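Asker: There's a structure below that I have some questions on.
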Amino acid sequence: MELLNFMYSNTLSVTTAPALLDVLMAADKFEVASCMRYCSRLLRNLPMTPESALLYLDLPSSVLMGEAVQPLTDAAKQYLASRYKDMTKFQEEVMALPLAGIEAILSSDDLQIASEDAVYDFVLKWARTQYPKLEDRREVLGSRLARFIRFPYMTCRKLKKVLTCNDFDHEVSSKLVLEALFFKAEAPHRQRSLAAEESATLNRRFIERAYKYRPVKVVEFELPRQQCVVYLDLKREECANLFPSGRVYSQAFHLGGQGFFLSAHCNMDQQSSFHCFGLFLGMQEKGSVSFAVDYEFAARSKPTEEFVSKYKGNYTFTGGKAVGYRNLFAIPWTSFMAEDSLYFINGILHLRA
């Protein structure tokens, strides 16, 4: 009746989301595009809730494909992605979400999550809870969820675990891990162009999220002595966001069986007269092991754009300790961030430890 009424008067008497959805489905069945658009617009103007967003994503696929409904489903995905972007805060709610909701959250670049390893762990945990039967779980992971995990940004340690993980079909996991390793091995400019090609498609697996722990490139040597070279790149806006007292951490890397990380800070210099950029090397908490390290911090700087050593030293770590420099470049924050700063090359600060 509502649909017939609309065809004659161009208005509807119903205003609630469930009722409008019913009209939308009828309009889809009888191919009344103008009514579909009308319902879709009214629904978009209602305040979104997790429940309504999930209702919109749960429409039959014929309706979901309709152009009229696209803005509504986009808005629903957007709503869920921004509501749950800090997944750890809403752990229980997120664990209870259906598949469409999880897909909407995982497709976001703005997830506030420690690292892609944590995304992978979350997806496995969710799938094991929702799909207790192994074959169902393999099917859902392989055909629906794997494409939302950005394997190229996972650590190699974790990728090894993916290969032996029984929840994935072996063929699927080998393909994903191979692709990720090839991406890691590419030169940075190739990685950027792959990411640019990808962003046009639905999958965004080559695009880096805003991880809490910044990815690093690591070169490890066992001989003639244990050594690792770690490269950390920070964008100008990431540095700007550190002011006045923020810090950003790198992903962990390993040396001699110990986990380490880099952290970049905006802090006051020793005399507390101005803000400056600091860089520190920290050892992950591991009891009271004492561990001596020779370290050197360097940064690319203009005009040569080569790495220039800033500090060398040695330090004996015990669990949870860090070593570093409150003012790495021996200049105030304003000079470090200035337009003519020597340390930003095309908007990127290149650090090496």
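Asker: Name the residues whose placed amide hydrogens come within less than 5 Å of the amide hydrogen of K212, ignoring near sequence neighbours (fewer than 5 apart) on the same chain.
Answerer: Under 5 Å from the amide H of K212: I113, A114, S115.
Asker: Give the accessible surface of segment 197-289 per residue, rounded to a whole number of Å², with probe radius 1.4 Å and ligands, DNA and RNA excluded.
Answerer: Per-residue accessible area for segment 197-289 comes out at 55 Å².
Asker: Name the aspartates and glutamates eligible as straight-distance cross-link partners of K161: C-alpha to C-alpha under 12 Å, and not fewer than 8 places from it in the same chain.
Answerer: D117, D121
Asker: Which of the lysines could a cross-linker span from K77 if the Cα-Cα distance has to be under 19 Å and same-chain partners fewer than 8 positions apart are dropped?
Answerer: Within the straight-line cut-off, K77 pairs with K85, K89.
Asker: Let me ask something additional. Please report the spacing between the Cα centers of segment 106-162 and segment 1-66 in Å, no decimals.
Answerer: The two parts, judged by their Cα centres, are 33 Å apart.
Asker: Additional query: Do the sum for the chain: with -39,500 (n - 2.57) for every DSSP H run of n ≥ 4, divided by all residues, what is the mean residue ellipticity at 222 nm, to the nearest 500 deg cm²/dmol?
Answerer: -11500 deg cm²/dmol
Asker: With +1 on each Lys and Arg Cβ and -1 on each Asp and Glu Cβ, how big is the dipole of the chain about its Cα centre, in debye rounded to the nearest 20?
Answerer: About 900 debye.
Asker: If you don't mind, there's one more thing I want to ask. Treating the chain as a set of equal point scatterers at the Cα positions, no solvent, please give the Debye-formula log₁₀ I(q)/I(0) at q = 0.07, 0.08 Å⁻¹.
Answerer: One equal scatterer on each Cα of the chain leads to -0.42, -0.54.
Asker: Summing Lys, Arg as +1 and Asp, Glu as -1, what charge do residues with Cβ under 14 Å from the Cβ of L12 carry, L12 excluded?
Answerer: Charge balance in the 14 Å sphere: 0.
Asker: Per the 1.4 Å probe, what fraction of the accessible area of the chain, in percent, lies on carbon and sulfur atoms?
Answerer: 54
Asker: For K133, list the aspartates and glutamates whose Cα falls under 15 Å from its own Cα; do not include residues on the same chain fewer than 8 positions away.
Answerer: Partners within reach: D167, D169.
The values are calculated or read from the model by the stated rules, or taken from the named source; none is laboratory data. All values reported here derive from a predicted model rather than from experimental measurement. Cβ coordinates were reconstructed from backbone atoms using ideal geometry, including for glycine residues, and neighbour counts include every protein chain displayed. Areas reflect the complete protein model, heavy atoms only, side chains present, ligands, DNA and RNA absent. Shrake-Rupley method; radii C 1.70, N 1.55, O 1.52, S 1.80 Å.
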